[in-house]
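Below is a structure I'd like to ask you about.
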Amino acid sequence: MIITFLSQNHTENLKLFQLGFPPPNSLRRFSLRHPYQTSWIGHPFEYDAEGHGSDLVVRFCKDVETRSQTGYVDFGRFDKFNYFVAGAGHVDFVQGFYNGDLRQCEDSFDKMGRTAQVNVICGACPNGKCEGLPGCICNISYESTCRVLLDLAIPCGEPGPRVFKGFTVGFHPRTWEIVNDGMTQLGFEESHHEFGFATEQAHVSLYMTAIASQSTLVQKPIVKVFPDNGLEVRLSGSGASGKPPTTLSPTVLAIDWRCEKARDSPYKVNVTIPVEGYEPVQFVLTKMCEFRQDQAGDATRGWATFGILSCIFIVLSTLFCCGGFIYKARVQHQRGTDALPGMTILSACLETVSGGVGQGYTRTEDLNNAYASEASWERPPVPAAAQQGTRRQTERKYGAI
């Protein structure tokens, strides 16, 4: 596999190491370029260290060691978890080698034994030494018997796009799952099913941050969907309008998408963020569409209609109850619960369900009659003739009224 090493010097120009060897794990994120004809991994660069009594050898991306008549001394091995980092001044890359021989270096930093720092220079040495292939070691210096510093000059390819330092895109204002320092992270450089969004997830918010001094370089994002038909994508938020993002005030790029057509394969949403003076930042969002989704407006209108009808029903019911109560109280001279509309029907229903008259709803006058009947039970018996006379007298008085 051909790998390209990226770095950023003081002019922020991105350099390309075009090497033809399998990349270590720490270099997965770097882009692919044209190869050299030979493999550089393990290629030895020797330096005749006059006055040190031993020669220094750097095996590229393997280890650093000194060689003498008494044997080899290891000054560190390549750490696949330690990235090539950007250098300063005339140095383009810095790579550390750790965990060398421990002899007489048992008290070294973090007990890492002998270590080495390789400063990689694109092109020739500052003194003009070793131009062209395959490169050479310019000079070495020992900080101690346990640490060595050296400059390694290697021919580089044409300068590439600059790294937009400090620009991040993530799912949280303080994270950078998608873009970090303008570089697309693993899983979003192309479509990946395991990094995709489910059909049910109709919204996603992306937070963009940048250094305040360079925030004005960020422009409005551009979205393209592949295939063109079947997925509706709408952008909103401060990020969609082109507002400059900063570290303290991140901008939000809200993406609303709706599946208009179901597909077995996911949709690819290619987001491009132009940056003035830099290569555009690009990343891919994977959207699954296992079924078709209705428009959000239809559901909203349905709930709105239901709410309006509910309000009308409540208002009409209130007017009906108030009107019926006033009518029964003023016209029919009913009081209490008897004046409520529907109480007669409710009483009849309860009486029917209970199966007897005595179990139904009792009106106020019936309750008073019941009390009168109970009082009459306690009175002494009256002869039948007296009762008949009393009844006739009452009827006569009623007729007189």
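Within the stretch 42-60, which residues are at pLDDT below 80 and surrounded by 13 or more Cβ atoms within 10 Å (Cβ to Cβ)?
Residues satisfying the conditions are 49, 52, 54.
Can you tell me how many residues within the stretch 207-247 are of a type outside the set (Phe, Trp, Tyr), in contact with a Phe, Trp or Tyr (Cβ under 8 Å, 6 or more places away or on another chain) and closer than 20 Å to residue 266 by Cα?
Matching residues across the stretch 207-247 total 7.
Working only within the stretch 277-291, note down all residues that are open to solvent by 30 Å² or more (accessible area, probe 1.4 Å), at pLDDT 90 or above and among the charged types (D, E, K, R).
Once the filter is applied, which keeps residues that are open to solvent by 30 Å² or more (accessible area, probe 1.4 Å), at pLDDT 90 or above and among the charged types (D, E, K, R), the stretch 277-291 yields only 290.
Also, I was wondering about something else. Residues of the stretch 326-350 being open to solvent by less than 80 Å² (accessible area, probe 1.4 Å) and part of a helix (DSSP H, G or I), which ones?
328, 329, 336, 337, 338, 339, 343, 347, 348, 349
Kindly indicate the residue of the stretch 226-240 that is farther than 14 Å from residue 203 by Cβ and open to solvent by 80 Å² or more (accessible area, probe 1.4 Å) and also nearest to the chain's Cα centre (by Cα) among those meeting that condition.
My answer is 226.
Would you say residue 216 is surrounded by fewer than 16 Cβ atoms within 10 Å (Cβ to Cβ) and under 20 Å from residue 183 (Cβ atoms)? Walk me through how you get there before you give the answer.
Working: surrounded by fewer than 16 Cβ atoms within 10 Å (Cβ to Cβ): yes; under 20 Å from residue 183 (Cβ atoms): no.
No: the conditions fail for residue 216.
Is it the case that the stretch 28-41 has a residue that's within 18 Å of residue 151 (Cβ to Cβ), outside the structural domain of residue 279 (by the TED database) and at pLDDT 50 or above? Can you show your working first?
The initial filter retains those residues of the stretch 28-41 that are within 18 Å of residue 151 (Cβ to Cβ), namely 40.
From what's left, outside the structural domain of residue 279 (by the TED database): 40.
Pick out the ones that are also at pLDDT 50 or above and you get 40.
Yes, the conditions are met somewhere in the stretch 28-41.
Only one residue in 260, 190 is touching an Asp or Glu at 6+ places or on another chain (Cβ under 7 Å) and in contact (Cβ under 8 Å) with a residue 12 or more places away in the chain. Which one?
Numbers: 190 fails: touching an Asp or Glu at 6+ places or on another chain (Cβ under 7 Å).
Answer to the selection: 260.
Taking the condition of being assigned to a loop (DSSP other than H, G, I, E, B) and either crowded, with 23+ Cβ neighbours inside 10 Å or at pLDDT 90 or above (or both), how many residues in the stretch 163-173 meet it?
The initial filter retains those residues of the stretch 163-173 that are assigned to a loop (DSSP other than H, G, I, E, B), namely 163-167, 171-173.
Okay, now just the ones that are also either crowded, with 23+ Cβ neighbours inside 10 Å or at pLDDT 90 or above (or both), so 164, 167, 171-173.
The qualifying residues number 5.
Look at residue 97 and say whether it is under 40 Å from the mean Cα position of the chain (by Cα) and modelled with pLDDT of 80 or more.
Values: under 40 Å from the mean Cα position of the chain (by Cα): yes; modelled with pLDDT of 80 or more: yes.
Judged against the criteria, residue 97 is a match.
Going by what's in this entry, would residue 152 be described as of a type in the set (A, V, I, L, M) and either at pLDDT 85 or above or closer than 30 Å to residue 211 by Cα (or both)? Quick ask: steps written out before the conclusion?
Numbers: of a type in the set (A, V, I, L, M): yes; either at pLDDT 85 or above or closer than 30 Å to residue 211 by Cα (or both): yes.
Yes.
Which condition does residue 271 not pass, out of (1) over 30 Å from residue 218 (Cβ atoms); (2) in a strand (DSSP E or B), if it passes all the others?
(1)
The values are calculated or read from the model by the stated rules, or taken from the named source; none is laboratory data. Because the structure is predicted, anything quoted here is derived from the model rather than measured. Here Cβ is always computed from backbone atoms with ideal geometry, including for glycine, and neighbour counts include all displayed protein chains. In case anyone asks, the SASA skips ligands and DNA or RNA and just uses the protein heavy atoms, side chains included. Shrake-Rupley method; radii C 1.70, N 1.55, O 1.52, S 1.80 Å.
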